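The values are calculated or read from the model by the stated rules, or taken from the named source; none is laboratory data. These figures come from a predicted structure and were not determined experimentally. Ideal geometry is used to build each Cβ from the backbone, glycine not excepted, and the neighbour counts take in all protein chains shown.
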Amino acid sequence: AKAPTPPAIVIGDGRLQMQASSDSYDLIVIDAFNSDAIPVHLLTQESLSEVFLPHLANDGVIAYHITNTFLDLEPILDRLAKQFNLSALTRSVPSDTTEQHAQSANQWVVISHNHQLLAQLQTQGWQPLKPGNMLWTDDFSSVRAAMRQAKPT
């Protein structure tokens, strides 16, 4: 038996790389939000409608790694998913439970037209996103509105 072909990992500007591709994907992972300067253009209505959704298989999933110290991107993705009648869930996954001092978590959001799959994920600890009302576009986004509120000490 022939071994399955390993998945191709493409590194580069997400929108440009996807636009250059003619392939369809079961899973698209977007992992670019953990620095101080986030690539806003990956969270816009146009990025989803013109770049990612055309390349997503019918039952495919887009997974966003949105761990960020300063920005809460959950409401942004909630609004974006609703714009396209997509289901969306989030989950925080411990980054490393074996180290005593590593208590941080990685936050993921998955969105999909596959409502049944996301219903199954919800039985495994995935939660609905915080509601959002601001749709980011290529012409408008507000990073300031996504800033986390300081917690009282």
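Structure notes:
- Complete set of residues in the range 1-45 that are in a helix (DSSP H, G or I) and surrounded by 14 or more Cβ atoms within 10 Å (Cβ to Cβ): G14, R15, M18, V40, H41, L42, Q45
- Test: residue in the range 86-96 that is part of a loop (DSSP other than H, G, I, E, B), in contact with a His (Cβ under 9 Å, 6 or more places away or on another chain) and modelled with pLDDT of 90 or more: yes
- Residue match in the range 36-46 (condition: under 11 Å from the mean Cα position of the chain (by Cα), acidic (D, E) and modelled with pLDDT under 95): no
- Which numbered condition K82 fails, given (1) modelled with pLDDT of 95 or more; (2) outside any strand (DSSP E or B); (3) under 18 Å from I30 (Cα atoms); (4) not aliphatic (A, V, I, L, M): (3)
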